[in-house]
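Where a number appears in this text, it was derived from the coordinates with a stated rule and is not lab data. The model shown is predicted, which means the values in this text are computed figures rather than measured ones. Every residue, glycine as well, gets a Cβ built from its backbone with ideal geometry; the counts of neighbours run over all protein chains shown.
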Amino acid sequence: MGKELLFEFPSPSRDSLKVYGYRFRGNGNGPSVAVVAGLRGDELIQLYVASQLVRFLEERSKNDPYFIKGEVLVVPAVNTYGFNIDRRYWPLDNTDISRMFPGYDRGETTQRIAAYLFEKLKGFDYGIKLTSGIKSVAYIPHVKVFEMENSDIQSAYSFGLRYIHRIEPKPYDTVSLTYNWHIWNTKAYSIYGGKTGEIDFEYARFMKNGIIRFLSKKGVINYRIHELYCPTEITDSSLYNIKTTEAGIFHPFRSVGDVVVKGDILFTIEDPISGEEKLRVSSPVDGVIFQAHGFPMIYQGTSAFRIVTV
């Protein structure tokens with residue numbers, strides 16, 4: 001029980017890439033769960049959630065020998081090179097480890113990293129990936145589940161987060177960790193929340209507690225935690241996408257998680273040179289802000305908000 005080196009990858013120009021995991025194994029017959037974060041070097045809130053989960057499991061295990069009933073493996077960071085120099089993708093060739101699964105042990109560097117990692121992650125009953133979406137876009141904490149033959153959408157309720165986003169896998173999803181977990185008969189979930197490059201500590205607490213709640217309800221740990229939400233299932237058709245027709249300074253008046261009604265002012269676009277207001281947008285629907293643009297500048301045709309309408 002504790003820290004272990006999962007694999008080491010030599011580098012010709014710097015220290016080897018060492019990927020560590022924290023394994024907690026009990027004496028009971030509970031299921032096994034793998035939690036992975038840090039596939040991208042700007043996923044700071046994901047890294048933080050994983051580290052706090054490790055801390056929680058370590059402290060509880062020391063005080064209660066019967067706390068762990070199954071097995072938990074937490075991998076807080078994979079792309080440590082990216083974290084070190086504030087780069088989202090693998091710094092040496094700008095490729096995305098998160099889109100290289102199941103990997104190829106004789107391929108390019110990120111393909112081999114994905115292959116070595118996936119070899120350590122196969123065979124778990126459940127897999128949880130802490131991940132981000134589009135760069136500089138903020139998300140409400142939620143669970144995303146692929147609608148596949150062996151998906152267990154009902155178990156996603158165990159996280160107790162506000163929304164369960166069911167999606168049909170797209171072609172680019174076939175090289176993701178969660179998709180390939182499904183192929184290898186691991187019931188997999190992606191947890192989104194917050195924005196890349198930042199740590200929202202309240203959202204981090206929601207996400208960490210969601211994982212603890214899942215582990216508790218699945219009999220992996222002996223622990224009781226309060227309920228948070230009775231989740232709502234949504235699909236892409238449940239989300240109203242509001243795009244801008246102008247470019248300029250993005251001035252939002254609402255944030256992720258806010259309840260809005262039709263007619264509420266959502267944002268304005270201001271000319272970055274003259275300062276004049278070029279666009280003022282009101283909500284065309286009632287709902288909850290699920291996703292929001294999180295950068296001071298915005299470009300024409302960019303999604304500013306996505307609103308849950310169910």
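With 10 Å bins beginning at zero, the pair-distance distribution over Cα atoms of the stretch 127-203 amounts to 19, 51, 27, 3 %.
Only loop residues by DSSP count here, and only those with at most 12 other Cβ atoms within 10 Å; note down the trypsin sites (Lys or Arg not before Pro) in the stretch 1-96 that meet that.
Sparse-neighbourhood loop trypsin sites (Lys or Arg not before Pro): Arg14.
Just to be sure I understand: of the beta bridges DSSP finds with both ends in the chain, what percent are antiparallel, rounded to 5? The antiparallel proportion sits near 65 percent. For the stretch 1-103, the Kirkwood estimate of hydrodynamic radius, built from reciprocal distances between every pair of different alpha carbons, is 14.8 Å.
Within the stretch 16-118, list the chymotrypsin sites (Phe, Trp or Tyr not before Pro) lying in a DSSP loop whose Cβ has at most 15 other Cβ atoms in a 10 Å radius.
Those satisfying the criteria are Tyr66, Tyr104.
Within the stretch 208-274, the trypsin sites (Lys or Arg not before Pro) that combine a DSSP coil assignment with at most 11 other C-beta atoms in a 10 angstrom radius are Arg224, Lys262. Across the stretch 26-32, coupling constants 3J(HN,Hα) worked out from phi with the 6.51/-1.76/1.60 Karplus curve, θ = phi - 60°, read x, 9, x, 10, x, x, 10 Hz, and Gly and Pro carry x. Across the stretch 2-234, the relative contact order, built from alpha-carbon pairs under 8 Å that are at least six residues apart, equals 24 percent.
Farthest toward the positive end of the dipole of the stretch 2-234, out of Gly30, Ile45, Leu92, is the Cα of Gly30, where the dipole comes from beta carbon charges about the Cα centre.
For the stretch 257-271, 3J(HN,Hα) computed residue by residue from phi via the Karplus equation (6.51, -1.76, 1.60; θ = phi - 60°) reads x, 5, 8, 10, 10, 4, x, 5, 6, 9, 6, 10, 10, 10, 5 Hz, glycine and proline entered as x.
Put simply, the amide H of Val285, placed in the peptide plane, has neighbours under 5 Å in Gly263, leaving out anything fewer than 5 places away on its chain. Gyration tensor analysis over the Cα atoms of the stretch 152-310 returns equivalent ellipsoid semi-axes of 34, 18, 15 Å (largest first, whole Å).
Within the same chain, aspartates and glutamates fewer than 8 places from Lys122 are excluded, and of the rest, those with a Cα less than 19 Å from its Cα are Glu4, Glu8, Glu71, Asp105, Glu149, Asp152, Asp173. Among the listed pairs Lys3/Lys187; Lys3/Lys129; Lys18/Lys217; Lys135/Lys217, a Cα-Cα separation exceeding 21 Å is found for Lys3/Lys187; Lys18/Lys217; Lys135/Lys217. Couplings 3J(HN,Hα) of the stretch 187-204, computed from phi: 6, 10, 9, 10, 10, 10, x, x, 9, 4, x, 9, 10, 8, 5, 5, 4, 4 Hz, in residue order, whole Hz [Karplus 6.51 cos²θ - 1.76 cosθ + 1.60, θ = phi - 60°; x for Gly and Pro].
Proximity of backbone amide H atoms, modeled 1.01 Å from N, is registered between Val35 and Leu73, Val74, Val75, Ile128 at under 5 Å, excluding neighbours fewer than 5 places apart on the same chain.
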